[in-house]
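The values are calculated or read from the model by the stated rules, or taken from the named source; none is laboratory data. Because the structure is a prediction, the values reported are computed rather than measured. Cβ atoms come from the backbone with ideal geometry, glycine included; neighbour counts cover every protein chain shown.
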Amino acid sequence: MFKGFGVSKKKSVLEDNELTTGIVQHPVTKRWQTWISFTGHDIQSITAHNQREDANKIAKQIADAWSEGKYKTGSEVTAFIKSLPTDAVIDPLPQNIVMQLSQQALSARK
């Protein structure tokens with residue numbers, strides 16, 4: 001019997017139009033990265049900052065814009081994210097940190 005291999009799509013644990021955001025320090029670059037998640041499983045780094053305070057400001061700006069419903073379409077959200085200031089190119093986070101952030105996002109819903 002053949003069993004198909006593939007990635008099963010993880011069910012969203014966040015409500016429709018709900019966003020989780022936060023900051024994390026990259027272990028190699030030591031820059032503070034802002035991140036977002038729409039499902040609790042899809043951690044995406046958005047900006048990278050030399051100062052923690054700058055990353056906190058951006059995370060708050062993202063959360064405020066989302067809760068106020070400022071951006072309705074995918075293109076509006078993309079334009080907003082591209083407009084956010086960043087100090088450097090975003091370096092990918094190690095998988096173990098992504099998993100920790102995902103667990104934090106998921107536990108925030110409980």
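Brief remarks follow.
- The set of residues from segment 36-59 being out of contact with any His (no Cβ under 8 Å at 6 or more places or on another chain) and closer than 15 Å to SER83 by Cα comprises SER45, ILE46, THR47, HIS49, ASP54, LYS57, ALA59.
- Of all the numbered requirements in (1) at pLDDT below 95; (2) assigned to a strand (DSSP E or B), THR47 misses one, and that requirement is (1).
- Residue in segment 66-81 that is free of Cβ contacts under 8 Å to residues at least 24 places away in the same chain, in a helix (DSSP H, G or I) and basic (Lys, Arg) present: no
- If you go through segment 50-101 and keep only what is closer than 16 Å to ILE36 by Cβ, at pLDDT 95 or above, surrounded by 12 or more Cβ atoms within 10 Å (Cβ to Cβ) and among the small types (Gly, Ala, Ser), you end up with ALA55, ALA59.
- Taken together, the criteria exclude VAL24 from residues that are surrounded by 14 or more Cβ atoms within 10 Å (Cβ to Cβ), touching a Phe, Trp or Tyr at 6+ places or on another chain (Cβ under 7 Å), assigned to a helix (DSSP H, G or I) and not small (Gly, Ala, Ser).
- Only one of THR47, THR34 that is crowded, with 17+ Cβ neighbours inside 10 Å, without any contact (Cβ under 8 Å) to a residue 60 or more places away in the chain and within 17 Å of SER102 (Cβ to Cβ): THR34
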